[in-house]
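Beneath this line is the structure, given in structure tokens, with notes to follow.
The values are calculated or read from the model by the stated rules, or taken from the named source; none is laboratory data. These figures come from a predicted structure and were not determined experimentally. Here the Cβ positions follow ideal geometry from the backbone for every residue, glycine too, while neighbour counts run over all protein chains shown. All accessible areas refer to the heavy atoms of the entire protein, side chains included, with ligands and DNA or RNA removed. Shrake-Rupley method; radii C 1.70, N 1.55, O 1.52, S 1.80 Å.
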Amino acid sequence: MNYIVAISGASGAIYAQRLLQALAQEGARIQLIISDTARLVIKHELGIELAADPTAQKAIIAEQILGKSDYPHLHIHAIDNLAASIASGTAPIDAMIVLPCSMGTLSRIAHGISGNLIERSADVALKEKRPLILAPRETPLNTIHLRNMLELSQAGAQIIPCMPAFYHCPKQINDLIDFVVGKILDALKIDHQLFKRWE
Ligand SMILES: Cc1cc2nc3c(=O)[nH]c(=O)nc-3n(C[C@H](O)[C@H](O)[C@H](O)COP(=O)(O)O)c2cc1C
């Protein structure tokens with residue numbers, strides 16, 4: 001299992017934290033890309049300060065997000081490194097997830113603007129017909145947002161909004177986070193216990 005996880009600058013960094021933990025629990029290879037605004041949001045919402053340099057980010061993410069001294073399957077790519085292996089369709093990637101997905105990143109992917117590594121990797125996922133999961137977070141949604149989501153859905157992406165349900169009777173914030181992350185794991189066909197299924 002080799003996944004690209006992209007964190008963009010929408011609210012909801014905790015969703016990304018939980019997804020990374022779940023993928024690491026599976027022993028998956030993780031190709032991580034974090035946008036510059038996502039670093040701001042991560043600092044504000046999780047209290048975790050990340051340098052721009054991926055090498056410096058790795059130890060902090062392993063320790064403060066994954067709770068491990070090291071996670072050897074974690075590969076962090078600089079957002080502006082368009083020469084990274086994952087910028088090419090030849091990289092053996094099983095799926096890409098953008099969580100949370102800002103309306104800016106969503107719009108640029110919808111329009112094929114491959115200006116940074118998140119956008120280029122998503123473009124590659126679409127052209128190679130690989131699973132591309134986008135988890136947008138914004139409210140209210142304007143017509144442009146909605147059109148872009150339709151465009152992406154028609155191009156083969158799967159839109160899984162950061163939109164928790166309540167029928168599993170959540171008791172704490174983590175239950176809400178786990179519902180959304182569990183839906184993403186379902187889309188990746190990864191077995192999990194993050195929420196109780198409706199019976
Ligand atoms: C604290 C904070 C929260 C934000 N929340 C959202 C959000 O929920 N959804 C969104 O689309 N943009 C949000 N934004 C705005 C985006 O970060 C901004 O549009 C940025 O250009 C996105 O860049 P990126 O997609 O390259 O990360 C937020 C910005 C900040 C600083």
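Scanning the range 109-128 for any residue that is surrounded by 13 or more Cβ atoms within 10 Å (Cβ to Cβ), touching a residue at least 60 places away in the same chain (Cβ under 8 Å) and farther than 24 Å from GLU26 by Cα turns up at least one such residue. Taking the range 74-107 as the range and being part of a strand (DSSP E or B) and within 22 Å of ALA155 (Cβ to Cβ) as the test, the residues that pass are ALA95, MET96, ILE97, VAL98, LEU99, PRO100, CYS101.
Go through GLU49, GLU63 for me and flag whichever is within 16 Å of the ligand (Cβ to nearest atom) and free of Cβ contacts under 8 Å to residues at least 40 places away in the same chain. It is GLU49. Considering the range 130-146, and only residues there that are of a type outside the set (Lys, Arg), within 23 Å of MET1 (Cβ to Cβ) and more than 12 Å from the ligand (Cβ to nearest atom), the residue that is surrounded by the most Cβ atoms within 10 Å (Cβ to Cβ) turns out to be LEU132. In the set (1) within 11 Å of the ligand (Cβ to nearest atom); (2) crowded, with 19+ Cβ neighbours inside 10 Å, the condition left unmet by MET149 is number (1). Residues in the range 9-46 that are assigned to a loop (DSSP other than H, G, I, E, B) and either within 25 Å of ALA83 (Cα to Cα) or more than 12 Å from the ligand (Cβ to nearest atom) (or both): GLY9, GLU26, GLY27, ALA28, SER35. Taking each residue of the range 173-193 that is in a helix (DSSP H, G or I) and looking for partners that are open to solvent by 20 Å² or more (accessible area, probe 1.4 Å) and among the hydroxyl-bearing types (Ser, Thr, Tyr) with beta-carbon atoms closer than 9 Å, six or more apart or interchain, yields ILE177/TYR15; VAL180/TYR15; VAL181/TYR15; ILE184/TYR15.
From the list ILE65, ILE34, the lone residue that is under 23 Å from PHE195 (Cα atoms) and either polar (S, T, N, Q) or surrounded by 13 or more Cβ atoms within 10 Å (Cβ to Cβ) (or both) is ILE65. SER85 falls short on exactly one of the conditions (1) open to solvent by 70 Å² or more (accessible area, probe 1.4 Å); (2) of a type in the set (Ser, Thr, Tyr); (3) within 13 Å of the ligand (Cβ to nearest atom), and that condition is (3).
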